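Quick one: the structure is below, questions incoming.
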Amino acid sequence: MTAAQEQRYLRTLHLLVAAGVPFVGLGTFALRRQCPRLPRRLVADCDLQLPPDAAVLTQLTELLQTAGWHVTLWEQPVPLPLQTAELVGKYYLRARRAGAVLDCAYENDFLSWPAFLADSHWHEGLPVLRAEAILHQKAQTGRPRDLALLDWWQQTIRPRPSGLGVG
């Protein structure tokens, strides 16, 4: 992620907060908000979790499109208003703008929307998943990029929290 992309994400997320769109930031972007020492090179995109509600996702899409983002669902343009039937099983909307990627998930294999809310807090005016919960998700997912982040965290910030299962 570049500095310009980081600023674009921040402007967009504050726009969503101001419009009352419910979301929780997660992933490496949200972790960087809470730990500025995390290098931008470890942040590929900005991930959000939203409730699985077609009206909320329609509002999100309208706001993003107005702000210049190109929003797709499985690489196809998003028809508005969104219908629940066309969303089920597709997990997220993707928005792109000038090299920035905003993944807006509404389904998750690990946590429900209420669980995301319970594990989140407000940081710098944004709702984000707590750092320990992000690290736990990274360990559960276990992709090479996630493991590289966990290694960086262990070496640079502190030993991994117990129970992460990554050795």
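The values are calculated or read from the model by the stated rules, or taken from the named source; none is laboratory data. Just so you know, these numbers come straight off a predicted model, no measurement behind them. All Cβ positions, glycine included, derive from the backbone under ideal geometry; neighbour counts span all protein chains shown.
Looking at the structure I just gave you, is PRO81 within 26 Å of PRO39 (Cβ to Cβ) and modelled with pLDDT of 95 or more?
The answer is no for PRO81.
Select from the stretch 74-111 the residues that are in a strand (DSSP E or B) and aromatic (Phe, Trp, Tyr) and list them in ascending order.
Residue satisfying the conditions is TYR92 alone.
If TRP153 satisfies all but one of (1) surrounded by 15 or more Cβ atoms within 10 Å (Cβ to Cβ); (2) in a loop (DSSP other than H, G, I, E, B), what's the number of the condition it fails?
Of (1) surrounded by 15 or more Cβ atoms within 10 Å (Cβ to Cβ); (2) in a loop (DSSP other than H, G, I, E, B), only one is false for TRP153: (2).
Moving on. Only one residue in VAL21, VAL71 is outside any helix (DSSP H, G or I), surrounded by 21 or more Cβ atoms within 10 Å (Cβ to Cβ) and not acidic (Asp, Glu). Which one?
Unique residue meeting the criteria: VAL71.
Tell me which residues, restricted to the stretch 28-67, are closer than 17 Å to LEU102 by Cβ, among the charged types (D, E, K, R) and either part of a loop (DSSP other than H, G, I, E, B) or out of contact with any Gly (no Cβ under 6 Å at 6 or more places or on another chain) (or both).
ARG32, ARG33, ARG40, ASP45, GLU62
If a residue has to be within 16 Å of VAL128 (Cα to Cα) and in contact (Cβ under 8 Å) with a residue 40 or more places away in the chain to count, how many in the stretch 23-45 make the cut?
Going through the stretch 23-45 one residue at a time, the tally reaches 14.
Have a look at ARG11, ARG41 and point out the one that is at pLDDT below 95, surrounded by fewer than 20 Cβ atoms within 10 Å (Cβ to Cβ) and basic (Lys, Arg).
Exactly one residue qualifies, and that residue is ARG41.
Can you pull out the residues in the stretch 55-68 that are surrounded by fewer than 16 Cβ atoms within 10 Å (Cβ to Cβ) and of a type in the set (A, V, I, L, M)?
ALA55, ALA67
Being of a type in the set (Val, Ile, Thr) and within 15 Å of the chain's Cα centre (by Cα) is the filter; apply it to the stretch 84-135 and report the residue that is surrounded by the most Cβ atoms within 10 Å (Cβ to Cβ).
My answer is VAL128.
Would you point out which residue out of ALA105, ALA100, ALA54, ALA95 is in contact with a Ser or Thr (Cβ under 6 Å, 6 or more places away or on another chain), of a type in the set (Gly, Ala, Ser) and touching a residue at least 12 places away in the same chain (Cβ under 8 Å)?
Matching residue, one of ALA105, ALA100, ALA54, ALA95: ALA54.
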